[in-house]
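Here is the structure we will look at.
The values are calculated or read from the model by the stated rules, or taken from the named source; none is laboratory data. Predicted model only: the values in this text are computed from it and were never measured. Note that each Cβ is placed from the backbone with ideal geometry, even for glycine, and that neighbours are counted across all protein chains shown. The accessibility values were calculated without ligands, DNA or RNA, using every heavy atom of the protein model including side chains. Shrake-Rupley method; radii C 1.70, N 1.55, O 1.52, S 1.80 Å.
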Amino acid sequence: MPIGILKYNRALLTRPDIIFCGRKIGNPELIGLGNPFSHKPNSNAVFIVNSLEESLMSYRLWLWKSLKTYRKSKISTLELWEMVYLNRFLHLAILIGENKVSGLMCFCTNINNYKYSKNKEIKCHVQILYRACIWLNNNSHTSNKN
C-alpha cells in the first residue's frame, strides 16, 4: 500500500492519519519515532555519525536488531529508550496494517504515494521505518506478542 512521506508541516500534526516520525525536540530520551543516528552535530540524536548515508545504514541495522530482539522475546536486553521506541514502532505497524495511516511526517523529504522498492534511493529514515512496518505485518504470524 503506498503512503505519503511528508516534510514537516505543523498544520498536519492534528490529523490522526498522519504520524510524526521525527525526534522529540529538546530531549534525546524522548526520541519519538525519529532516527537516533544523525550526521548533524547539533541534533538531538542519541548517536552522531559521519554522514547521512551512515545515519541511514546505522538506523536500518539498529531497527533490525531491535525487531530481532522483540521476536526472540528478549526486549529486556534493550535500553529503556529503545523499549519505548520499539513499543511506538509496534503501535505504528498496527496502525499501518489497519490502513489507518495515510502519511508519515519527518523533516527530510516529500514523497507522494511512496511504495517500497529495492531500486529506490533511501533519503529518509521514514522509508526504512515504513518498510519495517510492512515487513512485520507480513510476518506477524511468526512474531511473539508481548
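Cβ under 10 Å from His39's Cβ, His39 left aside: what net charge do those residues give with Lys, Arg +1 and Asp, Glu -1? Display every interim value, and only then the final one.
Working: positive: Lys40; negative: Glu53, Glu54.
Neighbour charge sum, excluding His39 itself: -1.
Give the distance, in whole Å, between the Cα centre of the range 54-70 and the Cα centre of the range 95-109. Going from one Cα centre to the other spans 19 Å.
Rounded to the nearest 20, the Cβ-based charge dipole of the chain about its Cα centre (Lys and Arg +1, Asp and Glu -1) stands at 260 debye. With all protein chains kept in place, the per residue accessible area of the chain amounts to 58 square angstrom at a probe of 1.4 angstrom.
Restricting attention to the chain, lysine pairs at least eight places apart or on different chains and with alpha-carbon atoms under 23 angstrom apart total 24. Given [x] 1.00; [y] 1.62; [z] 1.38 as candidate values of Cα Rg over 2.2 N^0.38 Å, which corresponds to the one derived from the coordinates? Calculated Cα Rg over 2.2 N^0.38 Å: the matching label is [x].
Given an 8 Å cut-off on Cα distances and at least 6 residues of separation, report the relative contact order of the chain as a percent. Let's see the in-between values first.
On the way: 203 pairs, mean separation 53.3, N = 146.
Contact order relative to length: 37 percent.
Suppose we keep just the DSSP beta bridges with both residues in the chain; what percent of those would be antiparallel, to 5?
Values: 2 of 11 bridges.
Close to 20 percent.
Could you work out what % of the accessible surface of the range 3-141 is carbon and sulfur, using a 1.4 angstrom probe and leaving DNA, RNA and ligands out of the count? Don't jump to the answer; show the numbers that get you there.
Numbers: 4170 of 7900 Å².
Summing carbon and sulfur atoms, their accessible area is 53 percent of the total for the range 3-141.
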